[in-house]
Structures are given as C-alpha cells and as structure tokens.
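Encoded as structure tokens, the structure appears first; notes follow it.
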Amino acid sequence: LMGDQTNSLSVVSQFRFDSDFGITDAERDNIPTLKNNNFSLMYLYIQAQNLAGFLDLRVGRQLIMDDADFTMFDGGLFTFHTPWFFAVDLYSGLEVKNGGALGVVSTTQFELDGDDDGDGGFGEDEEFGIVIGASVSVEGSRDHHAKLGWRRIMTKPLKDPRTVNNSTDTTRFVDMEKIFGSYHVRIVPQFHVAASWAYDLVSSVLSDARLELRAPDLGGVVDLELAYWFLTPTFEGSSIFNIFQTAPLNDIDFRVRYHITESASAYLGSYVRLFRQGPDDNDLETDEFITDWGLRGGGRVKLGDTGRIGLDANYQTGYGDITTIDLDGGYGFLEDGVLDVRARLTSVLFDDDSRDLLEGTSFGAELGLSYRLRDIAKFHAIGEINTNAIEKVQFRLYGLVDLSFWL
C-alpha cells in the first residue's frame, strides 16, 4: 500500500467460490447445511511489517497452519522480533464457523467437529468461538528451526453451567486446547532431522507425533527419506466422537529418489500402517493391530523447457485393497509457455472386504488448458470424466482465475 515495493504495508487475501450444478433442490431441502453455491473468504488481512524495527502485525481474517492444527479466525496476530534469535507470536480473535453472523462468507472445512448447534440439533454451530494463542520460535539460524506454542478455542456456555446436567464443570466449553512444538536441524548438508508433536489438553492424549530423517543429494543423485507418524484423532471438546479416539495410528514411511539425469528422476517407496483396534464385541480392550501396507513408485521426465510427463503407481492392502495408476503430462506453447495444455489418465482398482458393493475399477481422464496474461493473471479450465461400477458417468468442469498484481 505504500507504493515503494517494500511490502511494509499490504493487503493479503484469498477467496473461493464453488458451484455444484449437480445438486438438486430436493437434496438441498433434505440436508439443511447443503448448498450448491458457496462463497468462502479464506483470509483477508492488513499486514504491517517491521513496525518500530521489531513488530509485525496482521489484522483481519487469518488462516494459521502449524504442528497443532489448522485454525481460521477473525482477529489480530502480533509477532515480536528480538535481537536474541527468537520471536514471540500472540494472537486472538473469533473462530471462523459456517454458522453465525459471518456464515455467509465462512464456508470452511477448518471448523472443529462438534455435536450441537445450540438448539439441540446437529446443524451449524451458531455460537462464537474465541481463539487465543501464543508461540515462541527460533529465527535467524540457518541450521536450526524450532517452535513451541499453545492455543485454545472456547465457546460461551449455551446455558448456565450450574444447570447443565446438574454440574458446575465448565471445561465442556473449551472446544480445543493444545500445546505443540517442532524442531528441525540440518546436522550436515546431507542429513536433516525433523520432529514435531502436539498434546491435546482437553482429551489428555498425545494427538500427534512425527519424526523424519532426510538425506538429500547423496552422491549428487540419491535422496532418502524415512518418517514415522503417530496420530490419535481428537475432536471438539463436547463431541461424542472423542469416545472413539482410543485407537491411534502408527505409520512408517520410506522413500528413495534417484536423479537419473537433470531432466529425469524416479522414486520407489513403501509404508507400513498399524491401526490399534478398540474394544471388541464384549467391550474388552484388545492389543491386536490391523496392519496396512503398501508400495509406491514412479518418475518424472522433463521434455524441453516446458514439457513434462510423469507416472505414479500405488498399491495398498490390509485395510482395504487399492491400486492406483496415474499418468500425467503437459506442454507449454507460445513464448515462455504462455499457453499450457495438460492431460491425465487415472485408473483405480478398489476392494473393501467389509462392503461387497465397494469393489470395482474406476477409469478417469482429464484435460486442462491454462493461459497466462502477462504476469498479472492466469486462467485455467479443466474438464474431467470418470466411470466406475457405482457411478456410470461423472463429468466435472473446473474454472480458476489466478490474479497477482500491485494496486
């Protein structure tokens, strides 16, 4: 906004409009929250950087992504930079929800999963949620990145807490409260270690823990990745789904990528996933695991300056059998690829042991076209057709306008 190209004062925004012409009036009448036209303001905030030499400020609708979760809120974010290689974030605001006064511009998938709409039903949550949070992070270091944070989302009581189930316990109105942290270190240029975790204070469980080892550019041709992920699903504090969160997921993933030439590469990977089972038919805990494992592989080839072709294949078995084969490619025409054409062919073989009807083969094709108007706008159009045993023919048409300019 200052006009000096420093970005010291700016407006940052993103919105999305979705329209599904396949939804009928009867379907909308039977499902209260279903719409065939949805406008969503993902974020819109004024950003000021380097105020007084140490403060960054954001005011407006914001989307925060970190090791704890995704959070959208309308409010302010203050970042204090210090001369001691760390920064402090403080933020507060109102949680973005599909209901409420701003529901008309708040179609979002980031709202926590609850169980009450305030009127005894299961529709949109009309109550305002208050978001507060803070974090401390390392900055200015090339080889070390670390963050420690806390966040809480609270909804005001729907009734006097003294009369709710004859209890004075108000913790039910804390929708979410987590502490979380992450640490990434580059020990040597060819060896990186990253770890992160999140602890849910409402459910008193370790909700997320990850450890990743990376060895990029070994010998100039090989990348290695090994990752472990522990996940316990958690929901809104009052949600009945928290009852079923006793079965965490353990995931081990390995991948190796080989750079054949500067324009061609290939990869091969595998994973093992363990689902801890909950109580059996007699309501007794069991130590058995459901084991899911899979293999994946593929590659990429560049064709000249603007062409590319790629292949990805995946096989999964144990928790349902799925085999996916995906072939995609594209080429840019005119000067600097101003006009780009791309295509994709996909086949999915699926078989669910628990549902006889959930098996078959799906075939899909996609054709896309994009045109770049100088450096300020890019127009995309994509047509997609799919057929399988459940839906004989599915056709979709997507359109996107991408704008980037200075006012």
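The values are calculated or read from the model by the stated rules, or taken from the named source; none is laboratory data. Since this is a predicted model, take the numbers as computed values, not measurements. Backbone-built Cβ (ideal geometry, glycine too); neighbour counts: all protein chains shown. For accessibility, only protein heavy atoms count, side chains too; no ligands or nucleic acids. Shrake-Rupley method; radii C 1.70, N 1.55, O 1.52, S 1.80 Å.
Listing for the model above:
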read-out: Efficiency of FRET from Cβ geometry, L357 and L9, R₀ 60 Å, rounded to 0.05; value: 0.55
read-out: V59-F395 pseudo-label distance in nm [points 7 Å out on the Cα-to-Cβ vector]; value: 5.1 nm
read-out: Probe 1.4 Å, all protein chains present, accessible-area order of I243, I153, I23, I376, largest first; value: I243, I376, I23, I153
read-out: Under 13 Å, Cβ to Cβ, from G297 - net charge with Lys/Arg +1 and Asp/Glu -1; value: +2
read-out: With all protein chains modelled, accessible area of V185 [1.4 Å, Å²]; value: 20 Å²
read-out: Heavy atoms of E359 accessible to a 1.4 Å probe, total area in Å² rounded to 10; value: 100 Å²
read-out: Computed magnitude of the charge dipole of segment 44-90 (debye, nearest 20; Cβ of K, R +1, Cβ of D, E -1); value: 220 debye
read-out: S238 accessible area, 1.4 Å probe, all protein chains in place, Å² to nearest 10; value: 50 Å²
read-out: Relative contact order computed over segment 308-402 (Cα-Cα under 8 Å; 6+ residues apart), in percent; value: 19 percent
read-out: Förster radius 25 Å - calculated FRET efficiency between V185 and F80, Cβ distance, rounded to 0.05; value: 0.55
read-out: V174, V11, V131, reordered so the largest accessible area comes first (probe 1.4 Å); value: V11, V174, V131
read-out: Theoretical FRET efficiency, 1/(1+(r/R0)^6), r = Cβ-Cβ of A52 and S141, R0 25 Å, to 0.05; value: 0.60
